[in-house]
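The values are calculated or read from the model by the stated rules, or taken from the named source; none is laboratory data. Being a predicted model, the structure only gives us computed values, none of them experimental. Here the Cβ positions follow ideal geometry from the backbone for every residue, glycine too, while neighbour counts run over all protein chains shown. Keep in mind that these areas ignore ligands, DNA and RNA; they rest on the heavy atoms of the full protein, side chains included. Shrake-Rupley method; radii C 1.70, N 1.55, O 1.52, S 1.80 Å.
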Amino acid sequence: MATGGAGPDTDFFGSENYQDQNDELTVLQSIFEDKMTILSEATPDDPESIHALQIRIPVNLAGDNVKIEAWLPIETDMTHTETLCSNTGNGRPNLCRSDSGRRWHSTFTLAQLTPLEMNVSFPVDYPGCAPPIFTLSCQWLDGTQLSALCRQLDAMWGEMPQQPIVFTWVDWLQNETICFLGLENGVVMTPHIEQDADFLSTIDPRALPMSCDLLQAIVTILRYNMMYEMEKFQKENHDCGICFDNRPGREFYRINGCFHHFCHDCLAGYCHTHVSDGTVQLLTCPDIDCKNPIPPNIARDVLDDKDFVRYERLILQVSVHLHKIYILIIVTGV
């Protein structure tokens, strides 16, 4: 994190700046709650202590979804990202080779991006004379884009100096980042490239991109999106595809791949019937036009121990039978 300014002295703890900082910290905690972490606090017991915090800022999109476009080296293994995409409502990423054949071009859509991270510390002369010290980090923005945000925050301080500014900064970043950077039509992510000194001199030292490992950044973004979609689903009411009851999302199972959802009671009865009848090969999504298999983790959750043991034995028998048929076809050519 960027540093600067002097540490507090005994006069600071009796000053108006100290009181303003405490008041602002209290307000920020009440607003951001679990999105904010106190890193340190200025206390009279430690004359060198300062207020420092981290705020995770969810960025509002221009629409319901955002398109991600990624360019990766051709040797990149995209298997993990495909698996994560198949567990969200946005499907697998579209993959194709670039014209040169040296890179993968991947596109996919997300319902939410990972948050911006702002680390902030309050120097002793804030807010009376100096602004807070901050850094900005992000998985999906590069150093140039983060630098533009840093300069905008500086401009905002210049327009309203000597006032508590952190909430204003965060509110602007949350609501204006996408439009300010012209990302309404999507975000483009490219591999980190070592730059020369002239280029690096244009990057604000407070801009700290988190995408040096592009594949890891994409995986992190996909995981975050998957958790966001699940949390959103659980907070809303839905109709069961079997009994048609309207229930809270937390009372449903969503089937990976097709995302059809059924209440716990109905899916438990459905699984129990097929296990009892010995027809586990038909244990697919109950939707009439869908053949996605019921995942083993759902079967484990809805079946009692006795039924689950039977389920595993039947699955093994079906697998062995299908393997024998496959070998027979290979040998006979039928």
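Overview of values
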quantity	calculated
Whichever residue in region 58-72 is more than 27 Å from Glu33 (Cβ to Cβ) and open to solvent by 50 Å² or more (accessible area, probe 1.4 Å) and, among such residues, is modelled with the highest pLDDT	Lys67
Filter result for His272 (surrounded by fewer than 17 Cβ atoms within 10 Å (Cβ to Cβ) and either at pLDDT 95 or above or closer than 25 Å to Met226 by Cβ (or both))	no
Region 142-186, residues that are hydrophobic (A, V, I, L, M, F, W, C) and more than 14 Å from Val59 (Cα to Cα)	Ala148, Cys150, Leu153, Ala155, Met156, Trp157, Met160, Ile165, Val166, Phe167
Residue within region 151-165 that is buried (at least 21 other Cβ atoms within 10 Å of the Cβ), modelled with pLDDT of 95 or more and of a type in the set (Val, Ile, Thr) present	yes
Among (1) farther than 22 Å from Phe233 by Cα; (2) open to solvent by 80 Å² or more (accessible area, probe 1.4 Å) - the single one Pro293 does not satisfy	(1)
Residue list for region 270-303, filter: among the hydroxyl-bearing types (Ser, Thr, Tyr) and outside any helix (DSSP H, G or I)	Thr279, Thr284
Any hit, region 179-197, residues being of a type in the set (Ser, Thr, Tyr) and part of a loop (DSSP other than H, G, I, E, B)	yes
Those residues of region 132-160 which are in a helix (DSSP H, G or I) and aromatic (Phe, Trp, Tyr), in sequence order	Trp157
Hits in region 220-259 (condition: under 23 Å from Asn65 (Cα atoms) and acidic (Asp, Glu))	Glu229, Glu231, Glu236
When residues of region 253-263 are limited to those that are more than 22 Å from the chain's Cα centre (by Cα) and of a type in the set (A, V, I, L, M, F, W, C), the one surrounded by the most Cβ atoms within 10 Å (Cβ to Cβ)	Phe262
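Here's the yes/no breakdown for (1) free of Cβ contacts under 8 Å to residues at least 12 places away in the same chain; (2) open to solvent by less than 70 Å² (accessible area, probe 1.4 Å); (3) out of contact with any Lys or Arg (no Cβ under 9 Å at 6 or more places or on another chain); (4) closer than 30 Å to Ile294 by Cα:
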{"position": "Phe180", "(1), (2), (3), (4)": "no, no, yes, no"}
{"position": "Pro205", "(1), (2), (3), (4)": "no, no, yes, no"}
{"position": "Cys212", "(1), (2), (3), (4)": "no, no, yes, no"}
{"position": "Glu231", "(1), (2), (3), (4)": "yes, no, yes, yes"}
{"position": "Gly241", "(1), (2), (3), (4)": "no, yes, yes, yes"}
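Each row is one residue, and each column tells you yes or no for (1) over 16 Å from Phe122 (Cα atoms); (2) touching a strand residue (DSSP E or B) at 6+ places or on another chain (Cβ under 6 Å); (3) among the hydroxyl-bearing types (Ser, Thr, Tyr).
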site: Phe13; (1), (2), (3): no, no, no
site: Asp20; (1), (2), (3): no, no, no
site: Glu24; (1), (2), (3): no, no, no
site: Ser40; (1), (2), (3): no, yes, yes
site: Pro47; (1), (2), (3): no, no, no
site: Ile50; (1), (2), (3): no, yes, no
site: Leu53; (1), (2), (3): no, yes, no
